[in-house]
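The values are calculated or read from the model by the stated rules, or taken from the named source; none is laboratory data. From a predicted model like this one, the values you see are computed outputs, not experimental measurements. With ideal geometry, Cβ positions are generated from the backbone for all residues, glycine too; neighbour counts draw on all protein chains shown.
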Amino acid sequence: MTAETISAADTANRLIQGLGYEEEIVLLKAFLSDWIAQCDAEVQELLHWQFLGDSKYFRPVTIFACYEAVHDEPVTEEIIRSSAALEIVHNVSLIIDDILDRSRFRRSKLTLHCRFGSLPALMTSGYITSAAFEILSDDAFGIELIADLIKRLGVAECVQWRLRRQPLGVEDWRGIAGEDTGSMFETCACLGTRSEVLRHYGRLLGTLYHGCDDVGDVRGAVALGGGGEEDVRDGILTLPAAIAIREPEVAAEFREPTANGFDFLMNKLKQALPEAEQYLDRIAQEAENEAKRNAGNPEPLLHLIEHTRRLSRL
């Protein structure tokens, strides 16, 4: 199979099968389907459209892997409920991102706002946010984690938007990525272990995922969903951008784009990819060290790192 024909669903299925989580994903899908059936009829069609497509389920898989890393028992109902709540919150962020990015397609079909309209999509995102808390109504630990995550995601998006078009550096990018995506994977790690023991591993994995997404977008990769022009258009600080804008003329174009500067900027981002890949290798090594240091069974965590690291190269 060539890079051009590998889809997000293909890479997700490989990961799920490689870790042996087919049964857990079946349970998760059944939980989400039952939850949708109990939701208000007004939003059921929208929820079916958003949730029952070709999701990668990478975040629930991370929860399962972190659980397996510190527990000898099979995945519990509590973990399935936690993974469902986390997947719901993730989809809230996807709905909002798609509206902001003016994206017409996700997972090979129309985005929710393009299919049903912006107002129904926004209201549905609010509806399902409250549903995440209802699902965890008997889980004080999970509620605290999800509440903290939603606040952090909101702040991270505001920070990223406020800092657009500012020629900042790689460490600035890492701080943004650590909150924007790292916070989600931190929460996965804590939900899976029911503790803080793998929180930093989760942040590193999320930062790695964010960086591989940045690099994959520049390459035109499809493994993470495709795209990438939106970040350049909006002046978002990606990892390749943070490297490329060390050059003064690139920084000037990034700060104040000219009518004919897009191709110039994209070319410079492509030139930054080898250094970006090296930086991602270092993050992957940090995550591996963290997994080995803190998990009794680090193998599923190492599998996640290896899988994530390959995504930028597809």
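Could you grab me the full set of residues in the range 50-71 that are hydrophobic (A, V, I, L, M, F, W, C), over 15 Å from the mean Cα position of the chain (by Cα) and either part of a helix (DSSP H, G or I) or modelled with pLDDT of 95 or more (or both)?
Within the range 50-71, PHE51, PHE64, ALA65, CYS66, ALA69, VAL70 qualify.
Does the range 80-110 hold any residues that are outside any helix (DSSP H, G or I) and either on the phi > 0 side of the Ramachandran plot or more than 14 Å from the chain's Cα centre (by Cα) (or both), and which are they?
Our first condition is that a residue be outside any helix (DSSP H, G or I); within the range 80-110, this holds for 102-110.
Listed by number, the residues that qualify are ARG102, SER103, ARG104, PHE105, ARG107, SER108, LYS109, LEU110.
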Could you list, in sequence order, all residues of the range 28-44 that are part of a helix (DSSP H, G or I), in contact (Cβ under 8 Å) with a residue 24 or more places away in the chain and closer than 25 Å to CYS114 by Cα?
LEU32, TRP35, VAL43
Extreme residue, farthest from the chain's Cα centre (by Cα), among residues of the range 264-283 that are basic (Lys, Arg) and farther than 11 Å from ARG219 by Cα
LYS268
Within the set of pairs 6 or more residues apart or between chains, which connect a residue that is at pLDDT below 85 inside the range 215-235 to a residue that is acidic (Asp, Glu) with Cβ atoms less than 7 Å apart?
LEU224/ASP213; GLY227/ASP217; GLY228/ASP217; GLU230/ASP101; ASP231/ASP217
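Here is a list: GLY126, GLY142, GLY175. Which entry is assigned to a helix (DSSP H, G or I), within 16 Å of the chain's Cα centre (by Cα) and over 19 Å from GLU230 (Cβ atoms)? First the steps, then the outcome.
Numbers: GLY126 fails: within 16 Å of the chain's Cα centre (by Cα); GLY142 fails: within 16 Å of the chain's Cα centre (by Cα).
Every option except GLY175 fails the conditions.
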Taking the range 152-198 on its own, how many of its residues are in contact with a Gly (Cβ under 7 Å, 6 or more places away or on another chain) and surrounded by fewer than 17 Cβ atoms within 10 Å (Cβ to Cβ)?
2
Log entry, pairs with first residue in the range 46-63 being charged (D, E, K, R), second being part of a loop (DSSP other than H, G, I, E, B) and surrounded by fewer than 22 Cβ atoms within 10 Å (Cβ to Cβ), beta carbons closer than 6 Å, six or more apart or on different chains, reads ASP54/ARG107
Collect the residues in the range 124-138 that are in contact (Cβ under 8 Å) with a residue 40 or more places away in the chain and over 19 Å from ARG59 (Cα atoms), keeping them in residue-number order.
THR124, TYR127
Selected residue [closer than 20 Å to ARG313 by Cβ and aliphatic (A, V, I, L, M)] from VAL159, VAL215
VAL215
Scope the range 277-314; condition closer than 19 Å to GLU196 by Cβ and touching a residue at least 24 places away in the same chain (Cβ under 8 Å); matching residues
GLU286, ALA287, GLU290, ALA291, ASN294, ALA295, GLY296, ASN297, PRO298, PRO300, LEU301, LEU304
